[in-house]
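Heads up: the structure comes next, in structure tokens.
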Amino acid sequence: MDFSSKLLENAVNEIAQLPGIGKRTALRLALHLLRQPASQTEQLSFALQNLRKEIKYCKSCGNISDTELCEICANPKRDKSLICVVEDIRDVMAIENTQQFRGLYHVLGGKISPMDGVGPHHLNIPSLVEKVKSGEVNEIIFALSSTMEGDTTNFYIYKQIEPYQITTSTISRGIAVGDELEYADEVTLGRSILNRIPFENSLKNS
């Protein structure tokens, strides 16, 4: 792709690094921004810079937050004895949109994937085990994607917390095997949370 401007080329190259954005789409976005009032581009730039500089991660669950403790963990109406384990922030948003879950979350920051060089020590697992050790948790819900990596991560965590004899469950397979959680529709995801099954049963069926 030939560019008449080095400035345009640099902008396109940076935009094209975003997931799902190719060079042609990046060019359309760059040209679109050029056609907008300068104030709009400046607001976008400020929002992105502010996001990068000011964003925090909840010290309790790992969710993205504006403060040290996210709104979910700080809400006294949430059931602190019930923890839903998810892969990343997008899954928290997906489950929250169902309005069917009133517990807390624990964001792992990924899932075990030896092929990608991701092991248990790369994930936010130790703090989850510590929560279970505290005795304040009655049930852990595994809500990772129903892929080989998700199932491996579920099983690893299950073995870590098994000695503490708390209830473990997994979302029901209304979510198709191999599907990513964030792409599930809200009704299906909501039913999967409400109709969760004991984790031990999922081991027998796999």
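The values are calculated or read from the model by the stated rules, or taken from the named source; none is laboratory data. Computed from a predicted model, the values in this text were never measured in an experiment. Ideal geometry is used to build each Cβ from the backbone, glycine not excepted, and the neighbour counts take in all protein chains shown.
Checking the stated criteria, LYS111 turns out to be farther than 25 Å from ASN75 by Cβ, surrounded by 13 or more Cβ atoms within 10 Å (Cβ to Cβ) and not hydrophobic (A, V, I, L, M, F, W, C).
Would segment 100-110 turn up any residue that is of a type in the set (Phe, Trp, Tyr) and assigned to a helix (DSSP H, G or I)? Within segment 100-110, not a single residue is of a type in the set (Phe, Trp, Tyr) and assigned to a helix (DSSP H, G or I). For segment 72-91, a residue qualifies if it is under 16 Å from the mean Cα position of the chain (by Cα), part of a loop (DSSP other than H, G, I, E, B) and farther than 20 Å from VAL132 by Cβ, and exactly one does: ASP88.
Only one of the listed residues (ILE157, ILE95, ILE125) is over 30 Å from LYS53 (Cα atoms) and out of contact with any Gly (no Cβ under 6 Å at 6 or more places or on another chain). That residue is ILE157. If you check ILE95 against the conditions, is it touching a residue at least 60 places away in the same chain (Cβ under 8 Å), surrounded by 16 or more Cβ atoms within 10 Å (Cβ to Cβ) and either touching a strand residue (DSSP E or B) at 6+ places or on another chain (Cβ under 7 Å) or part of a helix (DSSP H, G or I) (or both)? So ILE95 fits the description; yes. Taken over segment 24-50, residues that are more than 30 Å from the chain's Cα centre (by Cα) and closer than 17 Å to LEU8 by Cβ amount to 6. Going by the conditions given, is LEU29 assigned by TED's automatic domain parsing to the domain that holds ASN138 and either modelled with pLDDT of 95 or more or surrounded by 19 or more Cβ atoms within 10 Å (Cβ to Cβ) (or both)? Against the criterion (assigned by TED's automatic domain parsing to the domain that holds ASN138 and either modelled with pLDDT of 95 or more or surrounded by 19 or more Cβ atoms within 10 Å (Cβ to Cβ) (or both)), LEU29 does not qualify.
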